[in-house]
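Let me begin by presenting the structure, written as structure tokens, before commenting on it.
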Amino acid sequence: MGWPGEVNNPQHRLRITDAPAILMSHALHDPANNHAWAADADRQNRRTTVLLTYEGSGHSVYNRNTCTRRSVDDDLLELKVPPHGSRCAATGSEPTAGQ
């Protein structure tokens, strides 16, 4: 409020029209970002995105378990994304912040 200029990056619907498959990974219980935001971004771009949900907590997903690492590695190395709706179960001993 009170800013004299227009917002440089106002909120808007995502419109990704020409892109290879984009893998988005997100923890179901992320303390910093709500999983619903990632799910909404995925819903807006079903043709170009796939959301991989890690069913545990934490802010980063890649190094949580074999499922998350394999899914991201397959995307980066083989350009292969998992099917829509893919989920990775939470592990019993999740890494703490910084690991």
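Convex hull over the alpha-carbon atoms of the range 1-87: what's its volume per residue in Å³?
It is 124 Å³ per residue.
Work out, step by step, the length gained on full extension between Ala32 and Arg47: first 0.36 nm times the residue separation, then minus their alpha carbon distance; give nm to one decimal.
2.7 nm
So who's got an amide H within less than 5 Å of the one on Ala27, skipping anything under 5 residues away but keeping other chains? H placed 1.01 Å off N, in plane.
Under 5 Å from the amide H of Ala27 lie the amide H atoms of Tyr54, each far enough along the sequence or on another chain.
Provide the per residue accessible area, probe 1.4 Å, for the chain, rounded to a whole number of square angstrom.
It amounts to 73 Å² per residue over the chain.
Working out 0.36 nm times the residue gap between Glu78 and Gln11, then minus their Cα-Cα distance, what length gain in nm do you get to one decimal?
20.8 nm
Using a probe of 1.4 angstrom, how much of the accessible area of the chain is carbon and sulfur, in percent?
52
Angle, helix 35-44 long axis vs. longest principal axis of the chain, Cα atoms, 0 to 90°, nearest 10?
Its long axis makes an angle of about 70 degrees.
Just to confirm the filter: which trypsin sites (Lys or Arg not before Pro) across the range 1-78 are DSSP coil and have at most 16 other Cβ within 10 angstrom of their Cβ?
Those that pass, being in a loop and sparsely packed, are Arg13, Arg15, Arg46, Arg47.
What are the ³J(HN,Hα) couplings of the range 69-82, residue after residue, when phi is run through the Karplus curve with 6.51, -1.76, 1.60 and θ = phi - 60°? Round to Hz, x for glycine and proline.
Residue by residue, the range 69-82 yields 4, 4, 5, 5, 4, 4, 5, 6, 8, 10, 6, 10, 9, x Hz.
Can you give me the long-range amide H partners of Leu51? Hydrogens built in the peptide plane at 1.01 Å from N, cutoff under 5 Å, separation of 5 or more residues or another chain.
It is Met24, Gly85, by chain and number.
Once phi is turned into θ = phi - 60°, what whole-Hz ³J(HN,Hα) does the Karplus curve with 6.51, -1.76 and 1.60 give for every residue of the range 12-25, x standing for Gly and Pro?
7, 5, 5, 9, 8, 10, 9, 7, x, 4, 10, 8, 10, 10
Just want to confirm a number: the relative contact order over the chain, from Cα pairs under 8 angstrom separated by 6+ residues, in percent.
28
The values are calculated or read from the model by the stated rules, or taken from the named source; none is laboratory data. Predicted model, so just to flag it, every value in this text is computed and none were measured. In this analysis, Cβ positions are derived from the backbone assuming ideal geometry, glycine residues included, and neighbour counts consider all displayed protein chains. Each accessible area value is taken on the protein alone, full model and side chains, heavy atoms only, with ligands, DNA and RNA left out. Shrake-Rupley method; radii C 1.70, N 1.55, O 1.52, S 1.80 Å.
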